[in-house]
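Notes for the one structure printed next.
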Amino acid sequence: MFKFIRYIFILFLISNCSFYSFKGSIPAHIKNVVIPPIVNKTSEYTVATILNEKFLDLMLLENILDIVSYENADSKLDITVKSVTDKPNVFTADNSSGFEVVNEWKVMIQVDMIWIDLINDEEIINKSITEWSTYNLEADIGSDLIDNDLDGLIDSEDSDEYGTPKEGAMRIAIDKISKRIINEITSTW
């Protein structure tokens, strides 16, 4: 009886391990990807250009999949910038006027990503991603005393906090989006 229980336990363990080792793996026939230019459906004309450069640099650095032309591609990754919103985030009361003053703004960028298996003509991933960063209009993002991306680092401690307030905040949000897209791709493996 003991050997039977042990046999069942080992069989259960092996079947569970094999399930997890093959679950979510990338199809074996996908070795590369074509990445068309990012589509921008917003009035922020620079956001797609910055995202395209940042994302391609990260793809090459991480060496996830080979980037090839459409004729040679096993898969395609379409990225569309859907929205860029800029909203007040932190207010304080202005005692002299009786109104609230905006001390901190929050820029949010939303993109849609669709990763398509071109060989089997099916979607691997279809997802919307939103990331954000904060900034203060009164000070350069590198000296505004705000943790613009909530990474625990402020101003000169943080290598990605530089530039004009909104431009710097958009760049930080774009960096976060690029990393999330890479994570989405690799999490299918």
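Could you please state, rounded to a whole Å, how far the C-alpha centre of the stretch 162-189 is from the C-alpha centre of the stretch 111-141?
Cα centres, the stretch 162-189 to the stretch 111-141: 8 Å.
Measuring from a point 7 Å past the Cα of Val101 along Cα-to-C-beta, which residues in the stretch 113-146 have an amide N at less than 17 Å?
135-140, 144-146
Report, ordered by chain and residue number, the aspartates and glutamates lying within cross-link reach of Lys76, taken as a straight Cα distance under 18 Å and ignoring same-chain residues fewer than 8 apart.
Glu53, Asp57, Glu62, Asp66, Asp112, Asp117, Asp121, Glu122, Glu123, Glu184
Tell me, what is the FRET efficiency for Ser143 and Asn120 to the nearest 0.05, using R0 = 45 angstrom and their Cβ-Cβ distance as r? List each step's numbers first, then the result.
On the way: r = 52 Å, r/R0 = 1.15.
Efficiency at R0 = 45 Å is approximately 0.30.
Just order 67-77, 127-137, 83-93 by mean Cβ neighbour count inside 10 Å, highest at the front, would you? Present the calculation step by step, with values, prior to reporting the outcome.
On the way: 67-77: 15.0, 127-137: 18.5, 83-93: 13.2.
Put in order of decreasing packing, that is 127-137, 67-77, 83-93.
Count the net charge of all other residues whose Cβ sits under 15 Å from the Cβ of Lys41, scoring Lys and Arg as +1 and Asp and Glu as -1. Could you put the intermediate results ahead of the total?
Working: positive: Lys82; negative: Glu44, Asp78, Asp112.
Summing Lys/Arg as +1 and Asp/Glu as -1 gives -2.
Only the coordinates and a few stated rules stand behind these numbers; no lab work does. The model shown is predicted, which means the values in this text are computed figures rather than measured ones. For neighbour counting, all protein chains shown are included, and Cβ atoms are generated from backbone atoms with ideal geometry for every residue, glycine included.
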